[in-house]
């Protein structure tokens, strides 16, 4: 079954060969408020906003990211456009070498240093996020949402979901302040089972 299931995006069938799960986990960033496309769904009675990464390529989202680049004083160079397009087309985390390989298959070439620098810029602008344990990069799917952006990733099927929670950011900052630490950046990960894979587990394992 492809598409979303229970709010999760299933990547296993398309991106993970064989029966061995490829574990991905969560990357967290603070998102600024300059993004304007409010493509999200609010969850009642809480301050968490969740959105599942889409399957299909969205030209409008690439153009939106380019406008954000330019609004922040950066040029919409060919390498940046190419990297944005690859991230938009793929729902699974990609390494710089993955991106380089995809472009090479299309008869286009970028050296990996240029790709690294482009990804670093996109992450600083919260147009992309790094998934810590895999080292891969995915586009940001939350727009105009402040707070910590995180990914919940299923270890079994590879499903991935991004969400943001301002309250969680405040709690983490307060925890750090109580220890005399001044936080500038949050990084954390979630790893486990999506609801569908959890239901498949034998009762004894729950």
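The values are calculated or read from the model by the stated rules, or taken from the named source; none is laboratory data. Note that the coordinates shown come from a computational prediction; the quantities given were computed from them, not determined experimentally. All Cβ positions, glycine included, derive from the backbone under ideal geometry; neighbour counts span all protein chains shown.
See the values below:
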read-out: Test: residue in segment 41-64 that is in contact with a helix residue (DSSP H, G or I) (Cβ under 8 Å, 6 or more places away or on another chain), within 22 Å of residue 163 (Cα to Cα), at pLDDT below 95 and part of a helix (DSSP H, G or I); value: yes
read-out: First in segment 90-113 and free of Cβ contacts under 8 Å to residues at least 40 places away in the same chain, second anywhere and part of a loop (DSSP other than H, G, I, E, B), Cβ under 8 Å, 6 or more apart; value: 98/136; 99/110; 100/109; 100/110; 100/111; 102/90; 103/109; 103/110
read-out: Test for residue 113: is it more than 22 Å from residue 61 (Cα to Cα) and buried (at least 22 other Cβ atoms within 10 Å of the Cβ); value: no
read-out: Those residues of segment 120-141 which are crowded, with 23+ Cβ neighbours inside 10 Å and under 20 Å from residue 72 (Cα atoms), in sequence order; value: 122, 127, 128, 129, 139, 140, 141
read-out: Members of segment 158-191 that are touching a residue at least 24 places away in the same chain (Cβ under 8 Å) and on the phi > 0 side of the Ramachandran plot; value: 158
read-out: Within segment 174-189, tally of residues that are surrounded by 15 or more Cβ atoms within 10 Å (Cβ to Cβ) and either in contact with a strand residue (DSSP E or B) (Cβ under 7 Å, 6 or more places away or on another chain) or modelled with pLDDT of 85 or more (or both); value: 1
read-out: Tabulated pairs, segment 193-206, first closer than 19 Å to residue 160 by Cα, second assigned to a helix (DSSP H, G or I) and at pLDDT 85 or above, C-beta under 6 angstrom, 6+ apart or interchain; value: none
read-out: Selected residue (criterion: nearest to residue 118 (Cα to Cα)) from residues of segment 149-173 that are in contact with a strand residue (DSSP E or B) (Cβ under 7 Å, 6 or more places away or on another chain) and surrounded by fewer than 22 Cβ atoms within 10 Å (Cβ to Cβ); value: 152
